[in-house]
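Q: One structure, as structure tokens, below. Some questions next.
The values are calculated or read from the model by the stated rules, or taken from the named source; none is laboratory data. What you see is a predicted model; the values in this text were computed from it and never measured. All Cβ positions, even for glycine, are placed from backbone atoms using ideal geometry, and neighbour counts span all protein chains on display. With ligands, DNA and RNA removed, areas are computed over all heavy atoms of the protein, side chains included. Shrake-Rupley method; radii C 1.70, N 1.55, O 1.52, S 1.80 Å.
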Amino acid sequence: MKPFFSRLWRSFCLMLGNQSSLTLYFLPLLQRLWPGFLPGQYRARLVGKQWQTADMLQLSFQVSGRWPGFLPGQHLLITLQHQGRYISRPFSICSPFSLWQSHRQIQLCCKINSAGEFTPLLQQLQNGTVVNISAAQGDFCRQQPTLPTLFVAAGSGITPIASMLLSQRHWLAPVTLYYRCRGSENAALLSELTQLAARQPLFSLMLSDSRTEPAETLQQQLLTDSNDKQFYLCGPAAFMQQIRTALLSSAVKPAQIQQEQFGLAMPLATGHSNDATPLTASFIRAGISTQVTLNPQQSLLQNAEQHGLAPRFGCRMGVCFQCVCDKVSGQVRDLRSGALSGHGAEQIQLCVSQPVTELVIKL
């Protein structure tokens with residue numbers, strides 16, 4: 001009977017305030033009493049920041065005692081208020097687990113995009129500023145530390161991998177990190193990783209300079225050292241997919257590869273490229289339907305934005321769920337897994353959904 005009463009209570013809350021809980025219904029009052037309060041979020045106070053590279057800013061936070069902690073390799077959402085609305089973005093924790101255990105602190109390395117909406121706000125934060133963070137999320141964590149392991153990182157992909165490596169206490173098998181970067185001056189967390197390699201004989205750090213070394217050279221190094229290894233890949237979507245494809249073609253089993261990527265690799269849409277009739281979607285908002293012609297090589301979020309519909313969004317990579325909406329009919333492809341949806345009504349995330357057929361969407 002408990003699930004029944006849970007559903008009944010949720011329906012009652014929705015009826016009262018069109019919100020999923022009474023906390024959200026009374027949110028304006030609660031925020032008057034506790035400025036910045038957000039339900040389901042935790043407080044984190046900025047205690048330090050430094051530049052790791054010219055565009056990578058490291059932020060140190062003292063986190064609330066209520067925060068449940070993390071597993072090395074996980075990420076979290078930072079939520080800030082900007083121009084009267086809350087916006088969130090995901091960032092991987094880059095600090096060792098011991099820092100949280102001993103001082104209740106975590107560190108994030110954030111790539112600052114001066115033309116973006118969110119990351120310039122992080123650059124403006126002053127020590128002592130309190131922000132909202134989510135619980136740690138994700139399953140990109142080292143599962144079998146007893147097996148020889150190869151890590152491949154590029155760009156911001158170094159952040160979760162650095163946390164895993166710097167958190168390792170008992171080294172039971174050889175570990176090699178291939179770190180792809182545009183010169184050592186653009187390699188975030190390089191000092192910490194170099195020190196780890198100097199004191200830990202089972203850990204090897206290999207820098208791959210993208211300015212002088214072709215990607216094929218790195219792939220060949222991986223393929224000659226792939227027998228009975230676990231692989232952890234993290235970085236730009238297209239590059240990580242290229243590495244994964246090369247490993248699979250050399251008889252590495254999918255179960256040996258754990259992958260986290262920043263950005264989405266857009267698979268080629270099928271079934272409509274040669275159709276005479278263009279692919280369309282009807283976006284419904286407040287009872288008003290707007291029909292648009294879709295670009296099947298873009299996400300539904302990008303398509304909607306290009307037609308001036310301005311749907312709600314957050315991380316743009318399927319983490320924060322701020323762009324969830326109702327698909328009334330039609331089929332989409334999940335850009336993360338390639339899985340196809342059903343043709344009927346269901347909830348989807350606009351930022352990670354690629355159109356496959358004609359669609360009706362409620363924003």
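Q: List pairs: first residue in the stretch 216-237 and over 24 Å from L335 (Cα atoms) and free of Cβ contacts under 8 Å to residues at least 60 places away in the same chain, second residue open to solvent by less than 50 Å² (accessible area, probe 1.4 Å) and assigned to a loop (DSSP other than H, G, I, E, B) anywhere in the structure, Cβ distance under 7 angstrom, at least six positions apart or on different chains.
A: Going by the 7 Å Cβ cut-off, the qualifying pairs are L223/S250.
Q: Can you work out which of the residues in the stretch 208-260 that are over 15 Å from A154 (Cβ atoms), in a helix (DSSP H, G or I) and more than 25 Å from the chain's Cα centre (by Cα) is modelled with the lowest pLDDT?
A: That would be L223.
Q: Going residue by residue through the stretch 226-235, is there one that turns out to be out of contact with any Cys (no Cβ under 9 Å at 6 or more places or on another chain), among the hydroxyl-bearing types (S, T, Y) and open to solvent by 30 Å² or more (accessible area, probe 1.4 Å)?
A: No - not one qualifying residue is present in the stretch 226-235.
Q: Q137 - would you say it is of a type outside the set (G, A, S), closer than 23 Å to L59 by Cβ, open to solvent by 30 Å² or more (accessible area, probe 1.4 Å) and modelled with pLDDT under 95? Walk me through it before giving the result.
A: On the way: of a type outside the set (G, A, S): yes; closer than 23 Å to L59 by Cβ: yes; open to solvent by 30 Å² or more (accessible area, probe 1.4 Å): yes; modelled with pLDDT under 95: yes.
Criteria met by Q137.
Q: Consider S20 against the criteria (1) hydroxyl-bearing (S, T, Y); (2) at pLDDT below 90; (3) under 30 Å from I161 (Cβ atoms): it satisfies all of them except one. Which criterion is unmet?
A: The number of the failed condition is (3).
Q: Search the stretch 322-349 for residues that are over 14 Å from K362 (Cα atoms) and in contact (Cβ under 8 Å) with a residue 40 or more places away in the chain and pair each with any residue that is of a type in the set (S, T, N, Q) and part of a loop (DSSP other than H, G, I, E, B) when their beta-carbon atoms are under 8 Å apart and the residues are at least 6 apart or on different chains.
A: Listed by first residue and then by second, the contacts come to R333/S341; L335/S299.
Q: Of the residues L172, L196, L150, which is outside any helix (DSSP H, G or I) and more than 14 Å from L233 (Cα to Cα)? Quick ask: steps written out before the conclusion?
A: Working: L196 fails: outside any helix (DSSP H, G or I); L150 fails: more than 14 Å from L233 (Cα to Cα).
Answer to the check: L172.
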